[in-house]
Amino acid sequence: MSAPKRSVCRVCILSAFCIATGTATVFSQGPGAAGPSEIDNVKKQMLQMEEQLRMLRQKVEELEAKPSTAPKPNLTQEKADGITEQRLRDLERQVQQERTASRGILAPFNPKISVNGLFSAAMFSEKDNLNFGDHDPQVQGFNVQNVELHLQGTVDPYFQVDTNIVTTIKKGETTIELEEMYGTSLALPANLQLVAGQYFTRFGRQNRQHPHQWDFVDQPVILNRIFGPDGLRGPGAQLSWLAPTPFYLEFIGSAQQGEGEIATSFLSKPGETVRGYTLIDRPVRKIGDLLYMPRVVTSFGLTDEVTVALGSSALFGPNASGTNNRTNVYGADLYVKWKPVNHSHGFPFVAWQTEYLFRDYQAGPDDVNGIPPSRPKDFGFYSQLLYGFTYRWVAGFRLNYVNSSGGDVAAPFLVTLAQRDLVGERWRLAPNVSFYPSEFSKFRLQYNLDFAASRGREAVHGVFLQAEFNIGEHGAHSF
Amino acid sequence: MTMRKAFIIVAMVAAGLLSAWTLPLYAKLNVVASTPDLGAIAREVAGSRVDVISLAKGTEDPHFVDAKPSFIRILNQADVLIEGGADLEVGWLPPLILNARNPKIQLGQAGRIIAADVVRLIEVPIGPIDRSLGDVHPFGNPHFTVDPMNGKLIARLLEEHFCVLASGECASFKDNRNKFEEKIDARMLEWQKKMAPLKGVRVISYHKSFSYFAERFGLRVVNTIEPKPGIPPSAAHVRNLVSQMRTEGVRLILMEPNRERKTPSFLAEETGAKIAMIPSMVGGTPEAQDYVGFFDSIIETLVASAGR
């Protein structure tokens with residue numbers, strides 16, 4: 001390239017740089033300063049600038065492609081060309097960043113916000129069906145299972161916060177609840193992590209999942225029986241430690257306030273019943289009245305394609321069937337997933353998840369009803385298999401089994417069908433098929449076949465068609 | 001000197017020599033890359049000075065990697081995390097970083113490297129965007145490592161960060177990076193020569209995985225088999241593709257080996273275009289085990305497919 005042509009080239013590039021700088025000052029006035037018409041003007045200017053940059057780059061490439069008839073350039077000239085090329089690249093990147101920033105005249109500190117709606121149409125063979133989860137399809141006809149507003153954001157260099165506000169509509173009545181709002185530490189020393197706030201207890205695998213993450217339309221029967229219709233959650237703090245082992249091994253301990261209907265097996269709500277015993281008002285008075293959970297979980301790859309996660313959890317806390325009564329819950333969970341190394345969009349895959357729970361409930365005496373003390377026990381498992389057989393399609397099958405023992409002295413006081421349904425043997429078989437038009441929507445068809453001792457082991461059928469829609473930006477879920 | 005004292009002195013000297021031999025002269029950096037192409041570039045710059053682990057495999061879909069708990073342990077031990085950025089890993093990497101509890105790889109630290117920061121992204125959407133456009137990347141096309149020139153830019157970025165973290169080895173990193181750039185520049189002449197007959201050739205790709213490669217080497221990507229990112233092809237879209245491919249003389253169908261074969265095979269049969277099965281990441285095929293080999297294998301496959 002001859003010296004005059006290079007000078008012209010440099011002048012053009014510097015001119016473009018000035019235009020870019022001028023445009024940058026518009027954005028430096030800060031978010032919220034630009035109105036809609038100003039934004040349109042800025043976008044037009046950016047498009048013009050991009051076109052100029054494209055022409056400049058084309059010019060540079062044409063000039064570079066021409067064979068040089070000039071004498072061998074000296075080092076200074078080469079260096080100048082390198083600087084010009086670098087400036088051009090820097091300019092292009094600046095335009096690109098400004099364009100991206102203009103799209104988020106969205107303040108950069110906004111949290112990720114998403115809204116997820118989960119709805120279903122349900123048909124039951126019985127007027128009194130066996131779907132007791134608060135976010136299950138509960139009534140014949142259309143159900144609003146769960147509408148979740150999720151916000152996630154970084155607080156500061158130390159914490160991230162997740163918030164879940166959930167609404168449901170039952171018989172025309174809307175309920176809104178704060179499901180979760182907790183902070184998670186980003187990088188504490190000694191491989192520790194702190195979670196504090198209101199959160200789902202990290203017992204097993206399913207309890208901490210939100211309904212839109214579920215692989216089936218309903219809550220597993222054993223979780224409903226032991227943790228109640230809303231799952232187990234509450235305000236508290238959790239500390240976990242990642243062990244310095246060559247494989248993933250984490251120890252978790254948490255202390256929460258085990259009150260309200262979100263802690264069915266513990267302090268729960270005065271006036272409610274558990275296994276026939278009426279609960280009293282028993283507030284937290286001492287540190288021993290909190291709900292404690294230790295958990296250990298490990299995970300490793302059997303092969304590049306098969307991952308195993310194995311965990312064990314326990315819960316120790318007071319219950320309100322007596323002034324000094326305690327409940328212990330023990331659980332084990334297993335998750336195995338096969339996903340080939342040449343998957344596309346995450347398909348195909350096979351995932352098997354099983355959880356077993358056992359509750360030991362120190363009950364009574366119930367002085368109001370004259371029920372002597374007893375130690376009722378409830379136990380059971382669910383085991384589910386999912387097969388993502390082709391992109392966007394997943395077939396699933398879940399087996400639920402629960403049973404009870406002990407506490408027979410309170411059996412005469414299980415006066416309502418709802419109370420009797422929560423005791424004794426139950427089976428539920430649930431095949432389903434799910435179709436995901438995209439990652440942000442799904443349709444699911446599921447059939448439930450229930451056999452319950454409380455229903456004379458007569459088959460109870462349920463058929464459900466579920467739809468999910470998600471908008472906004474939802475953080476990625478854990479494995 | 002007694003035999004005992006002599007023995008003790010000899011033993012101490014031997015122990016000292018043995019320790020010096022077994023102890024590394026420098027502490028190796030633990031580098032974790034989200035994808036294997038970033039890992040490959042890291043190896044070029046840092047050589048034996050780093051241990052590199054890539055979380056994703058070259059054969060898998062990088063948008064849908066499982067956030068396995070074992071990755072938490074790996075990230076916990078990392079001195080450096082290299083991610084592509086531009087939302088490529090947004091579906092799986094963030095919860096891993098959160099649970100890794102590693103201050104060295106938090107945003108803004110020398111140990112956190114985002115390759116998209118130094119690359120000119122193309123296909124940045126203009127105008128209003130939302131998910132009716134499919135799983136569109138709002139910051140631009142994140143598959144930028146398929147342009148060897150971007151590999152050079154990333155190498156410079158890695159050198160800068162590695163020099164901060166292991167300043168004693170900086171001269172070595174610079175030397176390696178220079179050699180890597182020289183290797184790329186030299187191979188570029190060969191690659192461009194081989195690709196010269198394909199300049200201007202119209203192609204389609206399954207996903208927008210090869211746009212940077214096409215821009216660099218002069219291929220014209222006229223459409224994709226996915227009508228929108230992440231959306232599988234409908235019958236109507238396939239019919240339109242057949243018509244377009246015939247009208248425009250599309251000669252090649254670019255796709256990764258992990259894609260479904262039915263639609264590309266149908267298109268090939270209907271239009272006479274050839275399927276070029278090429279990796280979009282290092283490790284995506286047995287021949288593509290390092291960054292230079294990655295381009296060697298892509299170009300060899302393209303030239304062979306176009307020649308058939």
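In summary, B:Val124 fulfils each of the numbered conditions (1) farther than 24 Å from B:Ala46 by Cα; (2) at pLDDT 95 or above with the single exception of condition (2). Of the residues making up segment A:301-319, those that are away from chain B (no Cβ under 14 Å) and either within 25 Å of the chain's Cα centre (by Cα) or among the β-branched types (Val, Ile, Thr) (or both) are A:Ser312, A:Ser313, A:Ala314, A:Leu315.
Checking each residue in segment B:248-257 for being within 14 Å of chain A (Cβ to nearest Cβ), out of contact with any helix residue (DSSP H, G or I) (no Cβ under 7 Å at 6 or more places or on another chain) and crowded, with 22+ Cβ neighbours inside 10 Å picks out only B:Glu256. Pairs meeting the criteria (first residue in segment B:59-81 and more than 7 Å from every other protein chain (Cβ to nearest Cβ) and within 14 Å of B:Pro94 (Cβ to Cβ), second residue outside any helix (DSSP H, G or I) and of a type in the set (S, T, N, Q), beta carbons under 7 Å, at least 6 apart or on different chains) are B:Leu75/B:Asn102. Selection of helices (runs of 4 or more DSSP H) fully inside segment B:161-275 by the criterion of at least 2 residues being closer than 27 Å to B:Leu121 by Cβ and out of contact with any Gly (no Cβ under 6 Å at 6 or more places or on another chain) returns B:170-195, B:211-217, B:235-248.
Being out of contact with any Phe, Trp or Tyr (no Cβ under 8 Å at 6 or more places or on another chain), surrounded by 16 or more Cβ atoms within 10 Å (Cβ to Cβ), touching a residue at least 60 places away in the same chain (Cβ under 8 Å) and of a type in the set (Phe, Trp, Tyr) is the requirement here; does A:Tyr382 meet it? Considered against the rule, which asks whether it is out of contact with any Phe, Trp or Tyr (no Cβ under 8 Å at 6 or more places or on another chain), surrounded by 16 or more Cβ atoms within 10 Å (Cβ to Cβ), touching a residue at least 60 places away in the same chain (Cβ under 8 Å) and of a type in the set (Phe, Trp, Tyr), A:Tyr382 comes out as no. If you go through segment B:82-103 and keep only what is surrounded by fewer than 20 Cβ atoms within 10 Å (Cβ to Cβ) and more than 8 Å from chain A (Cβ to nearest Cβ), you end up with just B:Asp87. Taken over segment A:272-315, the criterion of being farther than 16 Å from A:Asn328 by Cβ and in contact (Cβ under 8 Å) with a residue 60 or more places away in the chain is satisfied by A:Thr273, A:Gly276, A:Tyr277, A:Thr278, A:Ser299, A:Thr307, A:Ala309, A:Gly311. When the residues of segment A:320-369 are filtered to those that are more than 14 Å from chain B (Cβ to nearest Cβ) and without any contact (Cβ under 8 Å) to a residue 24 or more places away in the chain, which remaining residue is nearest to A:Asn400 (Cα to Cα)? Among those residues, the one meeting the criterion is A:Asn324. Scanning segment A:458-479 for residues that are in contact with a strand residue (DSSP E or B) (Cβ under 6 Å, 6 or more places away or on another chain), within 14 Å of another protein chain (Cβ to nearest Cβ) and either of a type in the set (S, T, N, Q) or within 30 Å of A:Val297 (Cα to Cα) (or both) yields A:Asn470, A:Glu473, A:His474, A:Gly475. Residue count for segment B:141-169, restricted to those that are within 11 Å of chain A (Cβ to nearest Cβ) and at pLDDT below 95: 0. Comparison of B:Ala33, B:Ala42 shows that the only residue that is under 20 Å from B:Gly111 (Cα atoms), in contact (Cβ under 8 Å) with a residue 60 or more places away in the chain and more than 14 Å from chain A (Cβ to nearest Cβ) is B:Ala42.
Among the residues of this structure, B:Phe295 does not count as one that is surrounded by fewer than 16 Cβ atoms within 10 Å (Cβ to Cβ) and either in a helix (DSSP H, G or I) or over 16 Å from the mean Cα position of the chain (by Cα) (or both). When segment B:166-212 is filtered for residues that are loosely packed, with under 15 Cβ neighbours inside 10 Å, in contact with a Phe, Trp or Tyr (Cβ under 8 Å, 6 or more places away or on another chain) and of a type in the set (Lys, Arg), only B:Lys199 remains.
Taken over segment B:272-292, the criterion of being more than 24 Å from A:Phe347 (Cα to Cα), touching a helix residue (DSSP H, G or I) at 6+ places or on another chain (Cβ under 8 Å) and either of a type in the set (Gly, Ala, Ser) or crowded, with 21+ Cβ neighbours inside 10 Å (or both) is satisfied by B:Ala273, B:Tyr291.
The values are calculated or read from the model by the stated rules, or taken from the named source; none is laboratory data. Since we're looking at a predicted model, the values are computed, not measured. A quick note on method: Cβ atoms are made from the backbone with ideal geometry, for glycine too, and the neighbour counts reach across all protein chains shown.
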